[in-house]
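Okay, structure first, notes after.
The values are calculated or read from the model by the stated rules, or taken from the named source; none is laboratory data. Computed from a predicted structure; not experimentally measured. So basically every Cβ, Gly included, is an ideal-geometry build from the backbone, and we count neighbours across all protein chains shown. Heads up: the accessible areas ignore ligands, DNA and RNA and are worked out on the full protein's heavy atoms, side chains in. Shrake-Rupley method; radii C 1.70, N 1.55, O 1.52, S 1.80 Å.
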Amino acid sequence: MKEQHTMRSRRTPLLAAGLAMALGLAVVPFGIQAQEFSSSQRQSLDRIVAVVNEGAIMRSQLEDRLTQVRSQMDAQQQELPPARALREQVLERMILEEIQWQMAEESGLTVEDTELNRQVRGIAENNGMSLEQFADALEADGLTLAGVREEIRREMALRQLQQRRVGSRVNLSEREVERFMEQEGATRDQAQQALFQRKANEELDAWLREIRSQAFIDKRLDAR
């Protein structure tokens, strides 16, 4: 029992880190549920908190994500922002995810099972677990491996979308690389990698602002 408790207590932050590393440009946090609500709780929570184009985000989905975010921040000993601010921040992230997911579906982006399996296995290994142990740890937290696989599949699709839309916008000049090498004492490969990541993040931020401004969004958060 003690060993299982240790596995459960460390799973959330490590799983998040594993996903972040595996998904590269996909900087929007993933949406794996960290707690299962009872049917009566879900019924009371089940109302729309945001309309995004032709889709909707439900209050129960927002509460799931909030639980997961709080769990991660607590495990990492990060100070939580005020409840209202956190709800706004998390909902905004979910809105951006929903916009991108709609775009990915419209583009017909798919993730092959072989690549998905490789990613899932890699996350398990990053947590020091076999696939079977990983599935057991998820089950102990009220999750299923099948459900987590679909969340990872979704994140991988968003990564593909971001790479297609943002990667082509990143251009490095030889002068930029040389200047970075001189200022930072870096090798050419280090300079190219650092500059590419910096520019990719800037372009991603700009693209996310762009697609959000073009989407129809109706937030319906309550006042609490």
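The table below lists the values:
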item: Percent carbon-and-sulfur accessible area, the stretch 130-224, ignoring ligands, DNA and RNA, probe 1.4 Å; result: 44 percent
item: Positive-end residue, the stretch 107-224 charge dipole about Cα centroid, Cβ charges, pick of 217, 131, 168; result: 217
item: For the stretch 54-69, 3J(HN,Hα) per residue [Karplus equation, 6.51 cos²θ - 1.76 cosθ + 1.60, θ = phi - 60°, Hz, x = Gly/Pro]; result: 8, x, 8, 10, 8, 4, 4, 5, 5, 5, 4, 5, 4, 4, 5, 5
item: Amide H contacts under 5 Å for residue 49, placed H, 5+ residues apart; result: 57, 58, 59
item: Dimensions in Å of the stretch 120-183 - Rg and Dmax from alpha carbons; result: 19.1, 53
item: Solvent-accessible area per residue for the stretch 61-160 (1.4 angstrom probe, square angstrom); result: 49 Å²
item: Relative contact order (%) - the stretch 154-224, alpha-carbon pairs under 8 angstrom, separation at least six; result: 32 percent
item: Modelled FRET efficiency - R0 35 Å, residue 73 with residue 107, Cβ distances, 0.05 increments; result: 0.60
